[in-house]
1. Just checking, how many residues over region 164-177 are under 24 Å from residue 147 (Cβ atoms) and more than 26 Å from the chain's Cα centre (by Cα)?
2. Assigned to a helix (DSSP H, G or I), modelled with pLDDT of 95 or more and surrounded by fewer than 20 Cβ atoms within 10 Å (Cβ to Cβ): does that describe residue 309?
3. Inspect region 368-388 for any residue being assigned to a helix (DSSP H, G or I) and out of contact with any helix residue (DSSP H, G or I) (no Cβ under 9 Å at 6 or more places or on another chain) and give the result as yes or no.
4. Can you tell me which condition residue 209 does not meet? The list is (1) touching a strand residue (DSSP E or B) at 6+ places or on another chain (Cβ under 9 Å); (2) closer than 28 Å to residue 473 by Cβ; (3) not in a helix (DSSP H, G or I), and all the others hold.
5. When you scan region 217-230, do you find a residue that is modelled with pLDDT of 90 or more, touching a helix residue (DSSP H, G or I) at 6+ places or on another chain (Cβ under 6 Å) and over 25 Å from residue 509 (Cβ atoms), even just one?
6. Would you mind finding the one in 550, 574, 590, 554 that is exposed (fewer than 13 other Cβ atoms within 10 Å of the Cβ) and at pLDDT 90 or above?
7. Going by what's in this entry, would residue 432 be described as outside the structural domain of residue 562 (by TED's automatic domain parsing) and more than 16 Å from residue 369 (Cα to Cα)?
8. Scan region 459-485 for residues that are touching a helix residue (DSSP H, G or I) at 6+ places or on another chain (Cβ under 6 Å) and over 14 Å from residue 565 (Cα atoms) and report the count.
């Protein structure tokens, strides 16, 4: 049994009216385009059904796909929905889509072209739409659409390639779908079910695109043999968040509706954009060093001894249930600081940052304060901040005494501001505590306690890292979003990043994301989560600082920290929300009263 016969090829190329000559030309094309080989391969597995057939096709060509596990969770487990996909391969992507969906919904079907429908084992899962025919007159296409509507009404999911044919339009360096068919998109809009964008990161051979640019007939003739160009490939697949019916209804006309869903689909491609040659060359032309083995931990008895000293010498900021927050310099807590350096490196490496040294300590740790959260029950440090008291640092060392001066150059106009700032940095919470609300909450209470203990300071200032795990696209989006809503141009004019992050963003992409988020940080966060594979969202500290009325000033790439992007942000202490300050003020006042009465008794 053949997938495609010489007569079908002749008919598809509109040569069937030539009779024997047309059939002969069809036979020649079968040979030259390797369709005859595909027919033989098909014969060897045509007895298989459904899932087994799909697996055999992919195994035969050595094709696999790669998809973030988090993306799979976006597929509803029941009820009707529609998947919309780009169509880069024109056939194999349909088989990949079935493979993907068979694992989750056995009642899934796709609207596809005649080529896939010619695979007999796939017929139960394909609703045929013939791209060779005039769609307005094609009975097979109309039948497929009627079947699709009935399928959805019965609560089952449906897949659509809305371009109706293989991607051949060149947009920059990428081949994309032609404008999506209005008929397909009207069906989607009329269905009133959730829509899920699915993006295939793949392309056909160069020869295919050359032939496609010459003639549609040559493109169609070459398409089946493109199976061989995908041999032993790993095709990356992304699944976007479901678009609810309510969100769909915000787009009244079919053009806006189509543009929105097409943009949602192709937005998933951005993390896969290739770096340019210049971006791929390391700045120092040296091979990256392998991470060193993490330093061994110190004695728990030594740490507990230092903590007891802190308790007895007014270096404990607060207690809450099994937690204590301390603030001290290294000279009083050398073993604690050693452990903080170990935990910093471990925690930062887990998110693609870190120094790659055995321990994350530097000369600034010798004279900065260390604020850390101690879990009395588990006997471990749960998190920490490094705090630099600006009036002390500036008086003793000048502007070069600040760690931030290593990343940014502060003009003399800002030196007074720096002397009135508490510099915060190297913040971390170890992995097992990151999903608990209390650690970050208590560290922030500790920060407010610091502002009360050191009242000569007017600002909190520090760098917040954006991990190199984020794509350049998402980093650019985050930076533009923060600059659009939280930027301080007055302070920014006096700060120069030593290695500025270059934002690379198309206006259309920026406008689309900003229109969707509507200045809402939570909505923007969900967009980043959708774009980035692997559950990456806006860093927690950035969100926390913004909610504390922070302003953003500049962005710098830190080559000593795995090329993470540091965003310089500051907060006027007077602008901290009452909800943050008031509870701490009450605690602090009670603490002062307790000390007063204690001293009075003496």
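1. Keep residues of region 164-177 that are under 24 Å from residue 147 (Cβ atoms), which gives 164-166, 177.
Of the ones still in play, those that are also more than 26 Å from the chain's Cα centre (by Cα) are 164-166.
Of the residues in region 164-177, 3 are under 24 Å from residue 147 (Cβ atoms) and more than 26 Å from the chain's Cα centre (by Cα).
2. Values: assigned to a helix (DSSP H, G or I): yes; modelled with pLDDT of 95 or more: yes; surrounded by fewer than 20 Cβ atoms within 10 Å (Cβ to Cβ): yes.
Yes, satisfied.
3. Kept after step one, since they are assigned to a helix (DSSP H, G or I), are these residues of region 368-388: none.
No, region 368-388 contains no residue that is assigned to a helix (DSSP H, G or I) and out of contact with any helix residue (DSSP H, G or I) (no Cβ under 9 Å at 6 or more places or on another chain).
4. (3)
5. So the first thing to find is which residues in region 217-230 are modelled with pLDDT of 90 or more, and the list is 230.
From what's left, touching a helix residue (DSSP H, G or I) at 6+ places or on another chain (Cβ under 6 Å): 230.
Among the residues that remain, those that are also over 25 Å from residue 509 (Cβ atoms) are: 230.
Within region 217-230, one or more residues are modelled with pLDDT of 90 or more, touching a helix residue (DSSP H, G or I) at 6+ places or on another chain (Cβ under 6 Å) and over 25 Å from residue 509 (Cβ atoms).
6. Values: 550 fails: exposed (fewer than 13 other Cβ atoms within 10 Å of the Cβ); 590 fails: at pLDDT 90 or above; 554 fails: exposed (fewer than 13 other Cβ atoms within 10 Å of the Cβ).
Only one candidate qualifies: 574.
7. Details: outside the structural domain of residue 562 (by TED's automatic domain parsing): no; more than 16 Å from residue 369 (Cα to Cα): yes.
No.
8. 1
The values are calculated or read from the model by the stated rules, or taken from the named source; none is laboratory data. Just so it is clear, the structure is predicted and the values come from calculations on it, not from any experiment. FYI the Cβ positions are ideal-geometry reconstructions off the backbone, even for glycines, and counts take in every protein chain you see.
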